[in-house]
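Take a look at the structure set out below.
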Amino acid sequence: MRKSREEAARTRERIVTAAAGEFRKHGVVATGLNDLMKAAGLTHGGFYKHFESKDQLVAEACAEAVRALIEKMSAAGQGAGAVYLSTGHRDNPAAGCPLAAIGSELSRGDEKTRVVATDGFLQLVEIMAGQFGEIPPEVARRRALVAVSTMIGALTMSRIVTDPGLSGEILRSAEESMAPG
């Protein structure tokens, strides 16, 4: 029996959501189609009914991960930087920022994936620019570019280092560096 368009759309959405988590948790290269489809509760045979290629899924999964991150950051208001630089975010890459979790892989992605990643970065910059109060917009943007770059790098390094104390220090130092004054 053929699935309805609605069922197919829900299945595709389930695959994208599962892939967004799996890619952030394990990496793009390390996550095979079997792993992705299993995480979505499906068999790998149906993958090509929904996607032309893994690259297409990477771009869509990145967009989904960015959407979820932007929603969380927007909801945090003035505390967006603290939410991003939290130990909870550090400890749960599957539900976090794709730029920190798989940025090096995204940089080698196809054009569509890099456009999605760029758009996500710019949305983060916009959110952070709004954190700087009453300063000229061009100054807020420059500060936000540095802040977001710092946040992504700090989160990445806090996951890499083996010393938990150093990991926490990286996050706290990055957050303090963005404080006004």
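What follows draws every value from the coordinates through simple rules; no lab data is involved. All values derive from a computational prediction rather than experimental measurement. Virtual Cβ from ideal backbone geometry, glycine too; neighbours counted across all protein chains shown.
List of remarks:
- Amide H within-cut-off set for Ala40, under 5 Å, with H built and near neighbours excluded: none
- About its Cα centre, the dipole of the chain is roughly 540 debye, where the only charges are +1 on Lys and Arg Cβ and -1 on Asp and Glu Cβ.
- Relative packing of 136-142, 115-121, which averages over residues the other C-beta atoms within 10 Å, highest first: 115-121, 136-142
- Residue among Gly41, His89, Ser177 farthest towards the positive dipole end of the chain, charges placed on Cβ: Gly41
- Inter-label distance, Met157 to Ser53: 3.5 nm, where each label sits 7 Å from its Cα along the C-beta direction.
- Contact order relative to length of the chain, as percent, for alpha carbon pairs under 8 angstrom and 6 or more apart: 22
- Overall dimensions of the chain as given by Cα atoms, namely Rg and Dmax in Å: 17.7, 64
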